[in-house]
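Please treat every number below as a calculation from the coordinates, not as lab data. Predicted, not measured: the structure shown is a model, and the values here were computed from it. Neighbour counts run over all protein chains shown; Cβ positions are idealised from the backbone, glycine included.
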Amino acid sequence: MVDEVRIVEVGPRDGLQNEKAAVPVEGRIAFVESLVSAGCKTIEVGSFVSPKAVPQMAGSDAVLRAVSHHSGIDFPVLVPNEKGYEAARAAGATLIAVFASASEGFSRANINCSIAESIDRFRPVLARARADGVRVRGYVSCVLGCPFDGEVKPAAVAAVARTLRDLGCYEISLGDTIGVGTAARARRLLRTVAGEVPLGEIAMHFHDTYGQALANLYAGLEEGVRVIDSAAGGLGGCPYAPGATGNVATEDVVYMLDGMGVSTGIDLPKLLDATNAISRLIGRPPPSRVATALNASVASRNCET
Ligand code: HMG
Ligand code: MG
């Protein structure tokens, strides 16, 4: 079906932004380093948003500065406006992500403005990024449902995706923020968005609230999408999306793709080390099925010896 898939590891940002107790900067840096060791080539390391809104992401400048010495690895960060752009650039960001919503209710809750206003905020950010040679990824949230507005039409998603692309985003990541999608709806969505944005510029960012993310990703791979966002251990969620759980776990995605003979460049045992270390730090076992199964099999082997 496909030889290679690019994984965008979002654990240090999406995974940790929703933790009740913020993970200190040193722990976040160690997490990113362990993901680098596991072979991750794109790692979203933080957000330059209001620390009053998301205190867990305060110190993202220090995280970015500490890891930027790695060559050949992209470390994107979220930027909601020009203030965030300036802070991200001061910390050395060369790849940023702006984030819009396909639904008005989530846009208001998340970034305190309408969809149209958010695009107006991104316009100068994209213009400055172009002048500075900074690449910009674009997120569209609530692509398969909104916690406030309910159903979201694929055409509404496609329109926002197209706008972000026209503004200069090199890739559009489609977020099932509350993880309500199913495979048939994911497929329909991708076909609709592909009418406005080339498939090669689309990424899938599916949360796993209803346990459908792998099935939805498989449908997307069949449609021709080659970029998947995931979080080590399946950590996380969005503080402004009530009821949503973490992203699909990177372990679960890599295990599925390894089984299909699809290369990701990520080493599963090393990824498990990264997940176990961050899980110890936050004091919870990872929700990932594959991490749970691999840890159980290691434990039972240790019992036998
Ligand atoms: P606002 O209140 O409309 O903005 O917030 P404002 O311009 O009126 O500023 C209010 C205060 O925030 C001011 O400070 C500003 O200086 C400060 P005060 O005067 O009260 O002390 N401020 C900032 N501080 C630091 N960095 C900035 C910044 N901008 C303003 N960049 C804003 C608008 C977007 C800033 C706010 O609503 C916010 O930070 N929201 C957080 C949104 C967020 O991070 N959500 C989670 C990530 S999105 C997500 O998880 C979805 C995704 O994973 C995809 C998916 O799953 O669908 C990407
Ligand atoms: Mg997300």
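Per the conditions (1) within 16 Å of ligand 2 (Cβ to nearest atom); (2) more than 16 Å from the chain's Cα centre (by Cα), the sole criterion not satisfied by Gly211 is (1). Taking (1) within 16 Å of ligand 2 (Cβ to nearest atom); (2) assigned to a helix (DSSP H, G or I); (3) of a type outside the set (Lys, Arg); (4) surrounded by fewer than 24 Cβ atoms within 10 Å (Cβ to Cβ) in turn, Asn216 satisfies each apart from (4). All of (1) surrounded by fewer than 19 Cβ atoms within 10 Å (Cβ to Cβ); (2) within 16 Å of ligand 2 (Cβ to nearest atom) hold for Gln17 with one exception: (1). The set of residues in the stretch 240-268 that are in contact (Cβ under 8 Å) with a residue 24 or more places away in the chain and assigned to a helix (DSSP H, G or I) comprises Thr250, Glu251, Asp252, Val253, Val254, Tyr255, Met256, Leu257, Leu268. Within the stretch 178-192, track down each residue that is among the aliphatic types (A, V, I, L, M) and buried (at least 23 other Cβ atoms within 10 Å of the Cβ). Matches in the stretch 178-192: Ile178, Ala186, Leu189, Leu190. Kindly evaluate Arg108 against the criterion of being within 15 Å of ligand 1 (Cβ to nearest atom) and either under 14 Å from the mean Cα position of the chain (by Cα) or of a type in the set (Lys, Arg) (or both). Yes: the conditions hold for Arg108. Spot the failing condition for Ala161; the list is (1) assigned to a helix (DSSP H, G or I); (2) in contact with a Ser or Thr (Cβ under 9 Å, 6 or more places away or on another chain); (3) crowded, with 18+ Cβ neighbours inside 10 Å, and only one is missed. Only one criterion in (1) assigned to a helix (DSSP H, G or I); (2) in contact with a Ser or Thr (Cβ under 9 Å, 6 or more places away or on another chain); (3) crowded, with 18+ Cβ neighbours inside 10 Å is unmet by Ala161, namely (2). Can you confirm whether Arg121 is assigned to a helix (DSSP H, G or I) and either out of contact with any His (no Cβ under 9 Å at 6 or more places or on another chain) or surrounded by fewer than 20 Cβ atoms within 10 Å (Cβ to Cβ) (or both)? Yes. Residues that are polar (S, T, N, Q) and on the phi < 0 side of the Ramachandran plot number at least 3 in none of the helices (runs of 4 or more DSSP H) confined to the stretch 1-109. Gly237 meets the conditions (1) in contact with a strand residue (DSSP E or B) (Cβ under 9 Å, 6 or more places away or on another chain); (2) in a helix (DSSP H, G or I) in every case but one. The failed one is (2). Can you say whether Gly233 is within 18 Å of the chain's Cα centre (by Cα) and either more than 26 Å from Gly138 (Cα to Cα) or surrounded by fewer than 18 Cβ atoms within 10 Å (Cβ to Cβ) (or both), as far as the supplied structure shows? Taking the combined requirement at face value, the residue does not satisfy it.
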